[in-house]
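Comments concern the structure below.
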Amino acid sequence: MSILGFSHYNLRAPRPQLDQLRDFYCEVVGLTAGPRPAFNNFGYWLYAGGRDVLHLTEMRPDEVRQLGARASFDHAAFNCSGRSEVEQRLARHGIAYEVGEVPLTGQVQLFFSDPAGNGVELNFAASDR
């Protein structure tokens, strides 16, 4: 077996929070809701660059999860462009974020949390000011 690359990540939540997460990742992060196979459970697939990268799945009625606790998961990172536009969008939505810089490359990182407490990292080329 060979790993060919990263496919997607999945967040599970109760339905009301699932809708909130969909809106957040579409309106704030910039992903796009798209087609999802007809699974037996409710959910959304969110796309970037024509690929489904985030799956949002409704929790089962008997499922118990500690929402807001990251355990060992820290964040998901996305390569982006249009840094000033993204920072303006974050400000419009009242989302606090931290800015970091990758040593050697100068790549700029914006760090913030989604409504469920999961970390989000947006990466921009050093030249994207």
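Bear in mind that the values in this text are calculations on the coordinates, not laboratory data. Values in this document were obtained by computation on a predicted structure and should not be read as measured data. Cβ: placed from backbone, ideal geometry, glycine included. Neighbour counts: every protein chain shown.
Run through the DSSP bridge list for the chain and note the antiparallel percent, rounded to the nearest 5.
Roughly 65 percent of the beta bridges in the chain run antiparallel, per DSSP.
By how many nm would the segment from T105 to E63 grow when fully extended, if each residue of separation counts as 0.36 nm and the alpha-carbon distance is taken off?
Here the segment from T105 to E63 would lengthen by 10.8 nm.
Once you sort the root eigenvalues of the Cα gyration tensor of segment 1-61 as a ≥ b ≥ c, which label holds: rounded (a/c under 1.5), prolate (a/b larger than b/c) or oblate (the other case)?
Verdict is oblate for segment 1-61.
Round to the nearest 0.05 the FRET efficiency obtained for L4 and A77 when R0 = 25 Å and r is the Cβ-Cβ distance.
In this case the efficiency is close to 0.85.
In what order do F42, F111, F6 fall by count of nearby beta-carbon atoms within 10 Å, going from fewest to most?
Exposure proxy ranking, most exposed first: F6, F42, F111.
Projected onto the charge dipole of the chain (+1 at Lys/Arg Cβ, -1 at Asp/Glu Cβ, origin at the Cα centre), which of N41, A13, I95 gives the Cα projection farthest towards the positive end?
Going by the charge dipole, the pick is N41.
How many percent of Cα pairs in segment 69-129 exceed 19 Å?
More than 19 Å apart: 30 percent of the Cα pairs in segment 69-129.
In what sequence, highest mean first, do 85-92, 21-28, 7-14 appear when ranked by Cβ atoms within 10 angstrom?
Result, highest mean first: 21-28, 7-14, 85-92.
Pop out the ³J(HN,Hα) list for segment 109-121 in order, Karplus 6.51 cos²θ - 1.76 cosθ + 1.60 with θ = phi - 60°, rounded to Hz; leave Gly and Pro as x.
Per-residue couplings from phi come out as 10, 10, 10, 7, 10, 7, x, 8, x, 6, x, 10, 10 Hz.
From the P(r) of the chain, can you give the percent of Cα pairs sitting at distances over 21 Å?
Every Cα pair in the chain considered, those over 21 Å come to 45 percent.
How big is the dipole moment of segment 1-61 about its Cα centre under a simple scheme where the beta carbon of each Lys and Arg is +1, that of each Asp and Glu is -1, and everything else is neutral? Debye, nearest 20, please.
180
Please give the calculated 222 nm ellipticity per residue for the chain, where each DSSP H segment of at least 4 residues contributes -39500 (n - 2.57) and the sum is spread over every residue; nearest 500 deg cm²/dmol?
-4500 deg cm²/dmol
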